[in-house]
Amino acid sequence: MPESGTRPLPFPARVALQCLVLGGFAAFIGVFSAKPAYPLRGENDAIVKLSFTHAAQLQHPCRERNAEELKKLAPNMRTQLDCPRQRAVVRFEMEMDGKPAYRLELPPGGLRKDGPATVYRRAMVAAGTHRIAARLSDKPSGEFNHSKEAVVDLKPGQVLLVDFIPAEGGFIFTKE
Amino acid sequence: MATPCLRSRADRVIDAAIARAFAAPYNPWRQLGALTSLALAITVASGIVAYALYDTSISGAYQSGLRLQNDPSYFGVLLRGLHRYGADAFMLLMILHLLREFLRSHYRGPRWYSWLSGVPLIWLGWLAGLTGLWLLWDSRALHSVMATAEWLQALPLVDEGLVRNFLASGALNDRFFSLVMFLHIGVPLFLIGGLWAHLQRIHLPAVWPRRAAGVGLLLTLGVVSLLAPAQSLGMADPHFVPKAISLDWFFQLPHVLTDSLSGAGTWAVAGGLTLLCASLPWLDRGRRKPAPARVELIHCNGCSRCAADCPFGAIRMVPRTDGGMHAQQAAVDDELCVACGICVGACPSSTPFRRIEDLVSGIELPEQPIGRLRQTLREVLKSRAPGSMVLVCRCRHSPGGSQAPDPSMLSIEVECLGMLPPSFLDFALRQGLAGAVLAGCEGGNCEFRLGDRWTLDRIAGRRAPRLRRNVARERIISLARQDDEASIRNAVDELLRHPMHDQPGDAR
Ligand code: HEM
Ligand code: SF4
Ligand code: SF4
């Protein structure tokens with residue numbers, strides 16, 4: 001049975017076109033596997049990352065239940081102290097070279113608002129020397145009870161991490 | 001003949017351009033699904049070898065990558081290249097496969113299943129590759145992990161502390177690495193399982209490409225691996241951000257979106273596209289669904305040829321229900337049937353030589369009864385001299401050019417060339433037609449996957465129902481492209497110019 005159909009090009013042209021198709025495929029993979037490079041920062045930028053997770057103090061202090069309140073509770077729930085689990089909002093402020101950089105109110109996490117407050121921010125700053133002041137309140141009153149101030153020198157590309165770990169003394173600024 | 005929509009025209013233009021370079025069976029555009037699975041296989045195989053050479057601790061991981069890329073024997077370079085570029089090729093081929101099926105509207109009707117089951121494979125393939133990039137633990141990996149964490153944090157239930165695991169040099173531990181390794185091995189296993197599910201409704205799926213096409217892919221990947229060796233960047237350092245970073249765009253494009261749109265924006269884009277893709281079969285149903293094939297029990301002898309030939313596994317052989325003398329009968333699952341008619345072409349009861357007045361086959365397309373075909377042939381030939389006309393059988397799904405009525409052509413249209421029982425060709429020649437021209441989809445490009453293959457096999461006598469041995473094969477011209485009206489014209493003229501040696505005497 002005679003068959004016909006799209007006639008492929010004559011030999012040299014066909015091979016050239018085959019090379020074009022395969023070469024195009026190869027080039028596409030080879031190039032987009034690594035290029036174009038994606039710029040992450042400007043020539044002279046350094047990075048400040050703010051990240052901490054911290055459980056604030058309880059929003060309401062424990063108080064003693066009176067006899068009437070105790071009676072209303074199921075027998076196995078009758079504890080003298082009533083400690084609402086909700087935690088306070090964490091207030092955080094940071095200044096860089098005297099100018100405000102962040103002013104955050106971080107609500108407690110968790111469905112019952114009894115978990116830690118968490119934050120993550122990153123920002124570019126010009127490389128060089130900066131005075132950084134951070135303060136934090138984890139009290140229901142909102143009064144700042146932790147703070148740290150430091151002068152840091154950041155090289156281009158260097159990352160300053162602003163963390164807060166009370167067990168390690170509060171604010172920690174790390175650059176390496 | 002269906003007027004081609006813009007999309008199917010685009011498919012045809014791409015296909016025709018590639019067909020100029022590759023003879024029909026090797027045309028890569030027609031075997032993208034198979035090439036995708038081969039790319040996956042190359043990636044998995046090279047990955048297994050690489051795993052044996054890989055150290056899954058934080059400090060060891062980066063060194064493992066360097067060892068391969070600096071291997072003086074080039075074995076490591078090739079291995080890393082095949083694994084990396086194999087994965088990139090997998091993504092690219094998968095998207096092209098999706099594109100081709102989209103252009104051909106292969107999400108409509110019973111194909112919704114193949115389409116929908118393909119969608120999760122995109123996510124699985126992407127995740128498999130992304131976690132692979134992390135295992136190198138270079139600055140690209142760190143950036144990628146952080147960007148992914150930032151992306152995940154945009155989800156309501158993921159807290160903002162996730163990214164903390166990667167911020168400080170000491171924060172990361174070998175447990176994270178074991179988790180990544182677990183994902184990088186586990187996700188491809190799901191992918192392979194998903195592929196199995198993807199092919200459940202395809203009868204005789206072309207899982208592997210033709211050997212030449214496969215060798216072509218392997219060689220291409222080998223050449224890229226050696227010309228542009230896959231390389232690790234600098235070691236991951238949480239306290240240093242490079243000015244620019246080389247990204248693997250096949251996997252890391254979402255990071256750039258997260259950067260410019262925010263995590264929530266990226267979820268909206270990725271989720272929106274996924275949802276759009278997944279709901280396409282219901283958003284665009286196309287014209288009404290043609291009536292599925294119907295078994296005509298009294299004409300079915302239970303031979304199971306239709307079940308063997310159905311491209312979508314829509315026919316099962318079941319125990320006889322009419323008390324007939326045959327043990328089995330064919331049963332069509334309407335949900336799976338795309339109404340291609342290939343089963344009609346397979347059925348021995350479709351032969352026009354049967355003496356019954358109204359020809360009915362064992363299995364029929366209700367909208368195109370096979371008896372009508374015989375009727376047309378008979379009627380036209382009543383008024384025509386032998387040898388003055390050629391049967392031109394066209395497939396409805398390979399849209400053709402304008403077709404003026406022509407006294408030298410007896411034109412019939414079928415759903416698929418595979419619907420034409422070979423005995424009809426025998427019949428037509430014996431009725432005095434000068435020959436037959438079959439115009440449909442080119443090899444490997446059949447709208448219904450297997451129609452072209454079965455047609456050629458039946459005519460060549462390789463597959464039942466076979467064309468009778470002494471039918472003059474040179475009287476039958478198979479034209480791959482039916483939009484090529486000029487070639488059809490030429491073929492018809494050719495057949496008319498050279499009359500048959502043995503004239504059909506007795507047939508009428
Ligand atoms: C892991 C990635 C994938 C692989 C390895 C793959 C492989 C295959 C193979 C081997 C076939 C059978 C081809 C044939 O024999 O005719 C097929 C069919 C199909 N694939 Fe995929 N596929 C993948 C992803 C996808 C995706 C993402 C989609 C679209 C969302 C898709 C849509 C389809 C459709 C609609 C068919 C049926 C074609 C028809 O009915 O004619 N596939 N695929
Ligand atoms: S018409 Fe096509 S899909 Fe339907 S049963 Fe027949 S061969 Fe299968
Ligand atoms: S090919 Fe025809 S006779 Fe054979 S099982 Fe199918 S319907 Fe019945």
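Here, each number is a calculation from the coordinates, and none is a lab measurement. Treat the numbers as computed from the prediction; the structure is a model and nothing was measured. Reconstructed Cβ throughout: ideal geometry from the backbone, glycine too, with neighbour counts over all protein chains shown.
Overview of values
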item	result
Tail weight of P(r) past 17 Å, computed on alpha-carbon pairs of the range B:328-398, percent	54 percent
Debye log10 I(q)/I(0) at q = 0.12, 0.16, 0.27 Å⁻¹ for the range A:89-169, Cα point scatterers	-0.40, -0.68, -1.46
For the protein assembly as shown, with +1 on Lys and Arg beta carbons and -1 on Asp and Glu, the positive-most of A:PRO8, B:PHE102, A:ALA126 along the dipole	A:PRO8
Rg in Å to one decimal, and Dmax rounded to a whole Å, for the range B:113-187 via C-alpha atoms	14.0, 48
Table column - 3J(HN,Hα) (Hz), the range B:104-121, Karplus curve with 6.51, -1.76, 1.60, x for Gly and Pro	8, 6, 7, 10, 7, x, x, 6, 3, 5, 4, 5, 4, 6, x, 4, x, 5
Unpaired by the 4.7 Å Cβ criterion, cysteines found in chain A	A:CYS19
Pairwise label distance in nanometres, B:LEU276 with B:SER262, each label 7 Å out on the Cα-Cβ vector	2.1 nm
Area projected by the alpha carbon convex hull of the range B:294-502, averaged over all directions, nm²	11.6 nm²
Table column - 3J(HN,Hα) (Hz), the range B:328-345, Karplus curve with 6.51, -1.76, 1.60, x for Gly and Pro	10, 8, 7, 9, 9, 8, 4, 5, 9, 7, 9, 6, 8, x, 4, 5, 5, x
Selected from B:TRP137, B:LEU179, B:PHE190, residue furthest toward positive end of dipole (the range B:118-207; charges at beta carbon)	B:PHE190
Charge dipole magnitude, Cβ of K and R +1, D and E -1 - chain B, Cα centre, debye nearest 20	1580 debye
Coil-residue trypsin sites (Lys or Arg not before Pro) of the range A:60-109, DSSP, other Cβ within 10 Å capped at 16	A:ARG65, A:ARG78, A:ARG85
Pairwise Cα inverse-distance average, inverted: Kirkwood Rh of the range B:59-160 (Å)	16.4 Å
Least to most buried among B:HIS299, B:HIS83 (fewest other Cβ within 10 Å first)	B:HIS299, B:HIS83
Among B:ALA34, B:MET317, B:SER64 the positive-end extreme of the charge dipole of the protein assembly as shown (Cβ point charges)	B:MET317
Neighbour-count order for A:MET94, A:MET77, fewest beta carbons within 10 angstrom listed first	A:MET77, A:MET94
Charged-residue dipole, Cβ positions (Lys, Arg, Asp, Glu), the range B:141-259 about Cα centre, Debye nearest 20	600 debye
The range B:441-483 shape via C-alpha gyration tensor axes, a/c threshold 1.5	oblate
Reach of B:LYS289 by Cα under 13 Å, taken over aspartates and glutamates that are not fewer than 8 positions away in the same chain	B:ASP334, B:GLU335, B:GLU367
Cα gyration tensor shape for chain B, rounded if a/c is under 1.5, else prolate or oblate	prolate
Value of relative contact order over chain B, rounded to a whole percent, pairs C-alpha under 8 Å and six or more apart	14 percent
Estimated distance in nm for a label pair at B:LYS382 and B:ASP334, the labels positioned 7 Å out from Cα along Cα-to-Cβ	3.6 nm
Cα-centre dipole for the range B:294-502 with unit charges at Cβ (Lys and Arg positive, Asp and Glu negative), debye to 20	800 debye
Per-residue HN-Hα couplings for the range B:442-453 [Karplus 6.51, -1.76, 1.60; θ = phi - 60°; Hz; x = Gly/Pro]	6, x, x, 10, 4, 4, 10, 6, 10, x, 4, 5
Cα extents of the range B:258-402 along the three principal axes, largest first (Å)	74, 47, 22
Neighbour-count order for B:CYS446, A:CYS83, B:CYS441, fewest beta carbons within 10 angstrom listed first	A:CYS83, B:CYS441, B:CYS446
The protein assembly as shown: equivalent-ellipsoid semi-axes (sqrt of 5 x gyration tensor eigenvalues, Cα, Å)	68, 31, 20
Amide H within-cut-off set for A:PHE52, under 5 Å, with H built and near neighbours excluded	A:VAL119
Principal axis box of chain A, alpha-carbon based, largest edge first, Å	104, 57, 24
